[in-house]
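First comes the structure, then the notes that go with it.
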Amino acid sequence: MNQSAKRYSPLQVALIGGAIATTATLSVFGPAWTRGVRAALALQDSPKAVVDQVWQVVNREYVDGKFNQQDWQATRQSLLSRDYSSREEAYVAIREALQKLGDPYTRFMDPKQYEALTSQTSGEVSGIGIRMEFNEKTKRLTVVEAIENSPALRAGIKAGDEILAIDGKSTQQMKVDDASKLIRGKAGTPITLKLGRLGQNAFDLKLTRATIEVPTVRYTVKQEGNRRIGYIRLREFSSHAADQMRRAIRDLNGKQVNGYVLDLRGNPGGLLQASIEIARMWLDNGGIVRTVDRKGGAEDTKANRTALTNLPLAVLVDGNSASASEILTGALKDNRRAVVVGSQTFGKALVQSVHELTDGSGLAVTIAHYYTPKGTDINHKGITPDIKLELTEAQERQLATNPDLVGTQNDPQYARAIAVLSTSTFATPPVNQPSSSMSSRAKDLQF
């Protein structure tokens, strides 16, 4: 999508955050705003400038115009009356002020936290492209997989390879997070790994870091009796999720599947735009989501006759399916496009925008409330599956310790979805699904 060719409403640069960690896209302040702050304070290098910038954003955008019954003007006076000896001291004051709103999703991020968030939502990393774990048996960092189209895969790194050293630094007892920090780096820079491989002596491998698209969509064809099922697992709604989903559906269509299982279990959410685009891949007509801002202004986003398949569909959800996952699930359920199987979803119906601040820190602020196409408010409630099937603690443990069992007949929720797809037409689009017009703003949301 060519962003420079499009106009964006606040909701188009919005995020649908996860159950715990909010994920987002960016809404950066324009030059006029920055000049205004500088002129008003003449303190652009002072922590007080960031304090007031945060206050101004919340004052302008926060979904609750009454600010949780707080005197927000008095809060500003209190914040600006203080002298801050460091940025960290200002950050503490900002967080204390935001806590008064009673909204865990309106939050301040220091520069490192903000950088981590933008990296997560971009769906890209700069490194060599491996997933690794600490093997409890061998006490070694071990490669789980080399990501597609990555320097690691091209260099021949394989699952099971042990990472013995990174640029000469031993990884003995090193945590995965610490190793990741050493491996990641600016694209184009060199790195040397010492690897251990079964049946070979340890060897050094030189690689060059690159920018890598992180796969958030995994898919495969599963033969279930006389039916071919396209199984798709979506981990989060990153900026590349829609493109990856589109490729998955088209590939599976070409493999002549008879139906689909879309697994959203454990998906904490992500970008609002990604959830809309993915919903449109499954829906030809009908509403997707309604968002309502602080002034009561509503925006209805609808399908636009761009569905890639009308084959039967089952969606798997659990208590960690949140936000963007719930938008997608709600749209498919309310339009009777899919049968939803699993446990109650998380229940987050708030939209945030994210702003980069003048010192490299960031602010996520709740700007809207959303509702499913039928007008259901799922906040703090979640979506009730059509077929509610809770996993026992033993079943959860088994799937967690044996991830290869997820999406198989040893996975009770998946097995139930397959049974439903085999016997029901509920997950097939209605024959005479009514068409609906789109608002001009909804049209702008298309890729």
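Here, each number is a calculation from the coordinates, and none is a lab measurement. Fair warning: this is a prediction, and the values are worked out from it, not measured in the lab. Using ideal geometry, Cβ is built from the backbone for each residue, glycine included, and neighbour counts are taken over all protein chains shown.
Within the straight-line cut-off of under 29 Å between alpha carbons, the lysines reachable from LYS348 are LYS6, LYS66, LYS100, LYS112, LYS295, LYS302, LYS333, LYS374, LYS381, LYS388, LYS443, sequence neighbours fewer than 8 places apart in one chain being disregarded.
Within the stretch 234-308, report the chymotrypsin sites (Phe, Trp or Tyr not before Pro) that DSSP leaves as loop and that have at most 16 other Cβ atoms within 10 Å.
Values: sites: PHE237, TYR260, TRP282; in loops: none.
Of the chymotrypsin sites (Phe, Trp or Tyr not before Pro), not one in the loops of the stretch 234-308 has a Cβ with at most 16 other Cβ atoms within 10 Å.
Ratio to report: Rg/Rh of the stretch 319-372, with Cα atoms as the point set and Rh obtained by the Kirkwood method; give two decimals. In the stretch 319-372, Rg relative to Rh is 1.14.
Label positions at ASP177 and LYS158, each projected 7 Å from the Cα along the C-beta direction, are separated by 3.3 nm. Think of each Lys and Arg Cβ as +1 and each Asp and Glu Cβ as -1; about the Cα centre, that makes the dipole of the stretch 221-261 roughly 120 debye.
Net charge within 15 Å of GLY319 by Cβ-Cβ distance, Lys/Arg positive one each and Asp/Glu negative one each, not counting GLY319 itself? All intermediate terms of the calculation are to be shown ahead of the outcome.
Values: positive: ARG265, LYS348, LYS381, LYS388; negative: ASP263, ASP318, GLU326, GLU390, GLU393, GLU396.
Residues close to GLY319 contribute a combined charge of -2.
For LYS139, the lysines whose Cα comes closer than 23 Å to its Cα, not counting residues fewer than 8 places off in the same chain, are LYS158, LYS169, LYS175, LYS181, LYS194. The calculated FRET efficiency for GLN398 paired with THR423, based on their beta-carbon distance and R0 = 25 Å, is about 0.45.
Past the 23 angstrom mark, what percentage of all C-alpha to C-alpha distances in the stretch 163-241 do you count? Tail fraction, whole percent: 48. Using DSSP to call loops (not H, G, I, E or B), can you name the trypsin sites (Lys or Arg not before Pro) in the stretch 246-293 whose Cβ has at most 13 other Cβ atoms within 10 angstrom? Filter output for the stretch 246-293: LYS255. Among 321-329, 363-371, 202-210, 159-167, sorting by the average number of other beta carbon atoms lying within 10 angstrom of each residue, highest first, gives 321-329, 363-371, 159-167, 202-210.
Based on the mean of other beta carbon atoms within 10 Å per residue, what is the order of 295-303, 270-278, most packed first? Mind dumping the intermediate values first?
On the way: 295-303: 17.0, 270-278: 28.0.
Most protected by this proxy first, the peptides run 270-278, 295-303.
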